[in-house]
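Below: one structure in structure tokens.
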Amino acid sequence: MSARADELAADLDRVRQRLAAAEAAAGREPGSVRLVVVTKYFPASDVRLLAGLGVTDVGENRHPEARDKKAECEDLGLVWHYIGGLQSNKAGQVGAYADVVESLDRPKLVARLDRAAAERGRPLDVLLQVSLDGPGAGPGGSDGGRAGAEPDDLPALAAAVEAAEHLSLRGLMAVAPLGEDPATAFARLAALREPFVRDHPGATALSAGMSGDLEQAVAAGATHVRVGSAILGSRPATH
Ligand SMILES: *Cc1c(COP(=O)(O)O)cnc(C)c1O
């Protein structure tokens, strides 16, 4: 194996052990939390090595980087999660290739993603990204900077997705705010997920937890964790 392959294998193994320990500590079934490896800023050759190590799901946050990498890795049969801020004018392009869009956070994106899914002839799974920042933290929506729908806006957003013929509502996604104990933030997420799943029984996915807080996310019921730097190393400092 190449040095890079050895490095990825060792780091992936460490993260898998952390995940297994977090599942056990939370009384969750072994293997019940899905690992989405966030490969943004890293080359398609890393994605290929990761697939060889058994990774099934990858996350990307920038278009067209995500599109190009997926095209290079089409033969690997991976599930591609788009986890980045969605500019309105790019949503249609992302909807053309993503398997899951985790960052749907405003009604304007629904029709664009729905049309893209119709055109490609395959339904698109979506998660609603919810802001855990609390009211008064500034305007939501990626066009304005911060991402994530306000919790109060989730019911209307969910209804819009359910009314879209080519979109499948699968659950919620969130990022713990900087500067707050992630356990506290994820407890709020777990509380708002309860009524959400009651109203949308097919939308049980909960994507939460990254390199620094996957344990807290699993304890709060995450079904998917999105881990980048703990496996691939640090990204360029500008991001
Ligand atoms: C980059 C990113 C991650 C991965 O973050 P790490 O701290 O590198 O694990 C997870 N979720 C989202 C939305 C991201 O943009």
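Which aspartates and glutamates have a Cα less than 13 Å from the Cα of Lys69, not counting those fewer than 8 places away in the same chain?
Asp46, Glu60
Which residues make up the longest stretch of the chain that has no GluC sites (Glu not before Pro) in a DSSP loop with at most 16 other Cβ atoms within 10 Å? Mind showing how you got there, number by number?
On the way: sites that count: Glu165, Glu180.
Of all site-free stretches, the longest is 1-164.
For the chain, which DSSP H helices look membrane-span-like by this rule: Cα extent along the axis of 18 Å or more and mean Kyte-Doolittle of at least -1.0? Present the calculation step by step, with values, prior to reporting the outcome.
Working: long enough: 3-25 (33 Å, -0.31); 108-120 (20 Å, -0.42); 182-199 (26 Å, 0.11).
Membrane-span-like by this criterion, though nothing is claimed about a membrane: 3-25, 108-120, 182-199.
Then there's this: Which of Arg226, Arg18, Arg67 ends up with the largest GNM mean-square fluctuation for the chain, with Cα atoms connected below 10 Å?
Most flexible of the set in this elastic network: Arg18.
Let me check against my output: what whole-number percent is the relative contact order of the chain, with C-alpha pairs under 8 Å and at least 6 apart? Please report the intermediate quantities before stating the final value.
On the way: 434 pairs, mean separation 47.7, N = 239.
Relative contact order for the chain comes out at 20 percent.
What nm value, rounded to one decimal, do you get for the distance between Thr56 and Arg120 when each label is placed 7 Å out toward the C-beta?
My value for the distance between the label points is 1.9 nm.
Cut-off 10 angstrom, C-alpha nodes, Gaussian network model of the chain. Which of Val58, Val197, Val225 fluctuates the most?
Highest fluctuation among the options: Val197.
Next question. Looking at the chain as a GNM with Cα springs under 10 Å, which of Lys40, Lys70, Lys108 has the largest mean-square fluctuation?
Greatest mean-square fluctuation among the candidates belongs to Lys108.
Another question, then. If you place +1 on the Cβ of every Lys and Arg and -1 on the Cβ of every Asp and Glu, how big does the dipole about the Cα centre of the range 1-148 come out, in debye to the nearest 20? Walk me through the numbers on the way to the answer.
Numbers: 20 positive and 22 negative charges, 77 e Å.
Once rounded to the nearest 20, the dipole reads 360 debye.
Okay, moving on. Per-residue ellipticity at 222 nm for the chain, helices alone: DSSP H runs ≥ 4 residues times -39500 (n - 2.57), over residue total, nearest 500 deg cm²/dmol? Walk me through the numbers on the way to the answer.
Numbers: 9 runs with 99 residues, N = 239.
Rounded to the nearest 500, it is -12500 deg cm²/dmol.
Let me ask something else about it. For Ser2 and Ala44, compute 0.36 nm times the residue count separating them, minus their Cα-Cα distance, and round to one decimal in nm.
Details: separation 42, 0.36 × 42 = 15.12 nm, distance 1.53 nm.
Between Ser2 and Ala44, full extension yields an extra 13.6 nm.
If amide H atoms are built 1.01 Å from N in the plane of the peptide, which residues on other chains or at least 5 residues away come under 5 Å of the amide H of Ser168?
For Ser168, the qualifying residues are Leu124, Asp125, Val126.
Further question on the same structure: State, to one decimal in nm, how far the label point of Gln87 lies from the label point of Glu74, with both points 7 Å from Cα in the Cβ direction.
Using points 7 Å along Cα→Cβ, the separation is 2.6 nm.
Right, next: Could you work out the Kirkwood radius for the range 98-228, taking every pair of different alpha carbons, averaging 1/r and inverting it, reported in Å?
Values: mean 1/r = 0.0675 Å⁻¹.
The answer is 14.8 Å.
Ala21 versus Leu192, label points 7 Å from Cα toward the beta carbon: distance in nm?
My value for the distance between the label points is 3.1 nm.
Sorted by average packing, counted as other Cβ atoms within 10 angstrom per residue and highest first, what order do 29-39, 203-213 take?
Values: 29-39: 18.3, 203-213: 21.5.
Result, highest mean first: 203-213, 29-39.
Full-extension gain between Ala159 and Ser234, please, as 0.36 nm times their residue separation minus the C-alpha to C-alpha distance.
Values: separation 75, 0.36 × 75 = 27.00 nm, distance 3.83 nm.
Result: 23.2 nm gained on full extension.
Could you check how much of the accessible area of the range 164-239 is carbon and sulfur, as a whole percent, using a 1.4 Å probe? The partial results should precede the final answer.
On the way: 1890 of 3380 Å².
About 56 percent, which is the carbon plus sulfur part of the accessible surface.
Quote the convex hull volume per residue of the chain, based on C-alpha atoms, as a whole number of Å³. Before the final figure, lay out each step's value.
Values: hull volume 29.4 nm³, N = 239.
Spelled out: Cα convex hull of the chain, divided by residues, is 123 Å³.
Can you classify the range 34-167 as rounded, prolate or oblate using the Cα gyration tensor, where a ≥ b ≥ c are the square roots of its eigenvalues, rounded means a/c under 1.5, and otherwise it's prolate if a/b beats b/c and oblate if not?
Details: a/c = 2.07, a/b = 1.51, b/c = 1.37.
Since a/c reaches 1.5 and a/b is larger than b/c, the shape of the range 34-167 is classed as prolate.
The values are calculated or read from the model by the stated rules, or taken from the named source; none is laboratory data. Computed from a predicted model, the values in this text were never measured in an experiment. Positions of Cβ are generated from backbone atoms using ideal geometry, with glycine treated the same way; all protein chains shown enter the neighbour counts. For accessibility, only protein heavy atoms count, side chains too; no ligands or nucleic acids. Shrake-Rupley method; radii C 1.70, N 1.55, O 1.52, S 1.80 Å.
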